[in-house]
């Protein structure tokens, strides 16, 4: 934990160089669309068109980057939820240690 009492971030957050579309699904939602506002090796900040997610919910995400143009799968857990204006925003911590984690970090910089 950081001194403020909030969990410490894993990885440097980066705003994607190009828009990253997100499709999310989970037990709490049938599906939701949105975009990644920033990405890191440890997680992401997502703006989604749903207010049904809560801290602790597990989600399956499909991230579509400008290149390669096909969705990159990822799984995560909601670690914070907020945003009162526009689309709700969610902090997601990646929960799977697979090759998509390195793709996400690399693609966020492209």
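The values are calculated or read from the model by the stated rules, or taken from the named source; none is laboratory data. This is a predicted model, so every value here is computed, not measured. Every residue, glycine among them, receives a Cβ derived from its backbone with ideal geometry; neighbour counts consider all protein chains shown.
Answer yes if at least one residue in the stretch 83-105 is assigned to a strand (DSSP E or B), modelled with pLDDT of 90 or more and in contact with a helix residue (DSSP H, G or I) (Cβ under 7 Å, 6 or more places away or on another chain), and no otherwise. Yes, because at least one residue in the stretch 83-105 is assigned to a strand (DSSP E or B), modelled with pLDDT of 90 or more and in contact with a helix residue (DSSP H, G or I) (Cβ under 7 Å, 6 or more places away or on another chain).
Within the stretch 70-82, the set of residues being in contact (Cβ under 8 Å) with a residue 12 or more places away in the chain and part of a strand (DSSP E or B) comprises 72, 73, 74, 75, 76, 77, 78, 79, 80, 81.
Specify the residue that is modelled with the lowest pLDDT; the eligible residues are those in the stretch 68-81 that are farther than 17 Å from residue 96 by Cβ and touching a strand residue (DSSP E or B) at 6+ places or on another chain (Cβ under 9 Å).
First, the residues of the stretch 68-81 that are farther than 17 Å from residue 96 by Cβ: 68-70, 80-81.
Add one more test, that the residue is touching a strand residue (DSSP E or B) at 6+ places or on another chain (Cβ under 9 Å), and what stays is 70, 80-81.
Numbers: 70: 79, 80: 95, 81: 95.
Ranking the candidates gives 70 first.
For the stretch 36-56, state whether one or more residues are over 12 Å from the mean Cα position of the chain (by Cα) and closer than 19 Å to residue 97 by Cα.
Yes, the stretch 36-56 contains a residue that is over 12 Å from the mean Cα position of the chain (by Cα) and closer than 19 Å to residue 97 by Cα.
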